[in-house]
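Throughout, read-outs are computed from the coordinates displayed, never taken from laboratory work. Please read these numbers as outputs of a predicted model, since none were measured by experiment. No Cβ is skipped: glycine too gets one built from the backbone with ideal geometry, and neighbour counts run over all protein chains shown.
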Amino acid sequence: MAVRIYRPAKTAMQSGEARTKDWLLEHEPASAAERDALMGWTSSRDVRAQVRLEFASKEDAIAYAVRNGLAYTVVEPKPRSPIQKSYAENFKFGRIGTWTH
């Protein structure tokens with residue numbers, strides 16, 4: 001049974017970094033997802049794919065996997081490079097691009 005340990009990236013719908021500090025442990029899918037012919041829903045018989053465990057640190061997640069005999073893979077997060085820009089740049093003289101409003 002294999003698990004993946006990673007830190008989730010922030011979603012495109014948020015500007016802050018909420019829910020990105022903890023490390024997650026997820027089980028790898030044991031079987032492929034199936035598509036229901038009548039409703040079009042995607043389902044799987046693998047219940048472990050629904051389980052997500054949160055840990056405060058990477059070491060805690062690794063210790064849990066070792067203690068329970070799980071083969072694990074650690075995915076290191078990529079560093080963010082935030083773009084510094086101000087609201088005033090939308091109105092500067094010589095702005096490149098079309099004005100849309």
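For region 1-64, which trypsin sites (Lys or Arg not before Pro) are in a loop by DSSP, counting at most 11 other Cβ atoms within 10 Å? Write out the running numbers ahead of the final one.
Numbers: sites: ARG4, LYS10, ARG19, LYS21, ARG35, ARG45, ARG48, ARG52, LYS58; in loops: LYS10, ARG19, LYS21, ARG45.
Filter output for region 1-64: LYS21, ARG45.
Would you work out which of GLY40, VAL3, LEU24 lies farthest towards the positive end of the dipole of the chain, given +1 charges on the beta-carbon of Lys and Arg and -1 on that of Asp and Glu, about the Cα centre?
The listed residue farthest towards the positive side: LEU24.
Lysine pairs in the chain with alpha-carbon atoms under 26 Å apart, 8 or more places apart or on different chains: how many are there?
Values: LYS10/LYS21; LYS10/LYS58; LYS10/LYS78; LYS10/LYS85; LYS21/LYS58; LYS21/LYS78; LYS21/LYS85; LYS58/LYS78.
Step by step, the pairs that qualify in the chain add up to 8.
Residues of region 11-27 with amide nitrogen under 14 Å from the 7 Å Cα-to-Cβ point of VAL51?
25-27
Between the helical axis of 58-67 and the dominant principal axis of the chain, each derived from Cα atoms, what acute angle in degrees is found, rounded to the nearest 10?
Computed tilt is about 10 degrees.
Just how large is the dipole of the chain about the Cα centre, in debye to the nearest 20, putting +1 at every Lys and Arg Cβ and -1 at every Asp and Glu Cβ?
Approximately 440 debye in magnitude.
Check which residues have an amide H placed less than 5 Å from VAL74's amide H, if you skip close sequence neighbours.
Sorted by chain and number, the residues that satisfy this are ILE5.
In units of 2.2 N^0.38 Å, what is the alpha-carbon radius of gyration of the chain?
For the chain, the normalised Cα radius of gyration is 1.63.
Find me the longest stretch of the chain that has none of the exposed chymotrypsin sites (Phe, Trp or Tyr not before Pro), where exposed means in a DSSP loop (not H, G, I, E or B) with at most 12 other Cβ atoms within 10 Å.
The longest uninterrupted stretch comes out as 42-92.
Count the DSSP beta bridges whose two residues both fall in the chain, then state the antiparallel fraction as a percent rounded to the nearest 5. Mind dumping the intermediate values first?
Values: 10 of 15 bridges.
DSSP beta bridges in the chain are roughly 65 percent antiparallel.
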